[in-house]
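Below: the structure, in structure tokens.
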Amino acid sequence: MPQVSPRHIKGSVPNEIQPEAPLAAGLKQMREHSVRHLIVRQNGDVVGMLSDREIVDAAAASLETDAPTAAAFFAKPIAEVMVRPTHFLNEQSDLQEALAAFRDSGMTALPVLRDGETIGVVTHSDLFKVLGDLVAQRHQHSSAGGGFALLANPLVQNLLDLLGQAGI
């Protein structure tokens, strides 16, 4: 598997927030920085991730149960909605490790750490860009020609298998 580490992936610069902050503050920060994921830190440790997806899922679930007002919902602390990451990447992780971490965690974004500090966030979209570049690069260097020959390439087969296992 090629050595394509998260440092080669153009992930977003990490935006962080505290778990006790209200959802409204998280949404505002996402909008101001044009990001979809926030890293939740407490006492210097990554304790969770918040994405727009978790907020939408929580809003839908609350409508089915207690139907709070919008103000009450967005006043909830982020800790009630965030997911707790079970996997992290580091700047030395290769592409296969990143794909496996996404598959095993079920998350759509993973923090990238260096010595416990967050240096980035890698998303599914970031990995698709890298995979697309790798496939295009292999296709350009292939003497076989057609697109069907590309599908027979062992690297492409391995990537497709990993993506399938990850449910992507």
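The values are calculated or read from the model by the stated rules, or taken from the named source; none is laboratory data. Predicted model, so just to flag it, every value in this text is computed and none were measured. Note that we place each Cβ from the backbone using ideal geometry, even for glycine, and neighbour counts take in every protein chain shown.
Residue-level check: of (1) touching a strand residue (DSSP E or B) at 6+ places or on another chain (Cβ under 8 Å); (2) crowded, with 20+ Cβ neighbours inside 10 Å, E97 misses just (2).
The criterion of at least 3 residues that are under 20 Å from E117 (Cβ atoms) is met by the following helices (runs of 4 or more DSSP H) wholly inside the range 40-105: 95-105.
For the range 47-74, filtering for residues that are surrounded by 13 or more Cβ atoms within 10 Å (Cβ to Cβ) and over 22 Å from the mean Cα position of the chain (by Cα) leaves 4.
Could you please let me know if F128 is at pLDDT 85 or above and in a helix (DSSP H, G or I)? For F128, the condition - at pLDDT 85 or above and in a helix (DSSP H, G or I) - is not met.
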